């Protein structure tokens, strides 16, 4: 191989690496700007048991365990539902696995298909509204986007394809 051939091959190699690096950098920048998506599961009174099991497999510590008896109006709940889980979260790698128990006294029933949600954490209220309004078209709104008692801007719905979604803008970002 000649010296010029070697320079040409090295230049091509540098160009390819440089272009791949730009693509990866752009991809990483896009990832940083993307909303965070987490699975959200529903249980019928077994969320805490299930999450203790998941914790035994994945390790880590819960980021929060909130019970129904800590919610406004919980004094009106049947005694057997007050200790149910309103929200529980377990870090798994860089993501969160989250869940809650259904409330039969509020008409909730658990069936395969309604036992999980795709939960999106947005960077702004506007982005939350955009996703909520776009994805919920033709679907069924469970909770409209509004400020919640825990401080976040939140809404939930089932889209027209039967997929359950939660859209959340955390209060600490606002």
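Assorted remarks:
A quick yes/no check of all residues on (1) in contact with a helix residue (DSSP H, G or I) (Cβ under 9 Å, 6 or more places away or on another chain); (2) surrounded by 14 or more Cβ atoms within 10 Å (Cβ to Cβ); (3) under 23 Å from residue 161 (Cβ atoms):
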position: 70; (1), (2), (3): no, no, no
position: 85; (1), (2), (3): yes, yes, no
position: 109; (1), (2), (3): no, no, yes
position: 112; (1), (2), (3): no, no, yes
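- In region 150-169, the residues that are outside any strand (DSSP E or B) and either buried (at least 16 other Cβ atoms within 10 Å of the Cβ) or not assigned by TED's automatic domain parsing to the domain that holds residue 41 (or both): 152, 159
- Yes/no for residue 62 being touching a strand residue (DSSP E or B) at 6+ places or on another chain (Cβ under 9 Å), on the phi < 0 side of the Ramachandran plot and in a strand (DSSP E or B): no
- Filtered residue count, region 124-149, keeping only those that are part of a loop (DSSP other than H, G, I, E, B), loosely packed, with under 15 Cβ neighbours inside 10 Å and without any contact (Cβ under 8 Å) to a residue 60 or more places away in the chain: 4
The values are calculated or read from the model by the stated rules, or taken from the named source; none is laboratory data. From a predicted model like this one, the values you see are computed outputs, not experimental measurements. Methodologically, a virtual Cβ is constructed for each residue, glycine included, from the backbone with ideal geometry; neighbour enumeration extends over all protein chains shown.
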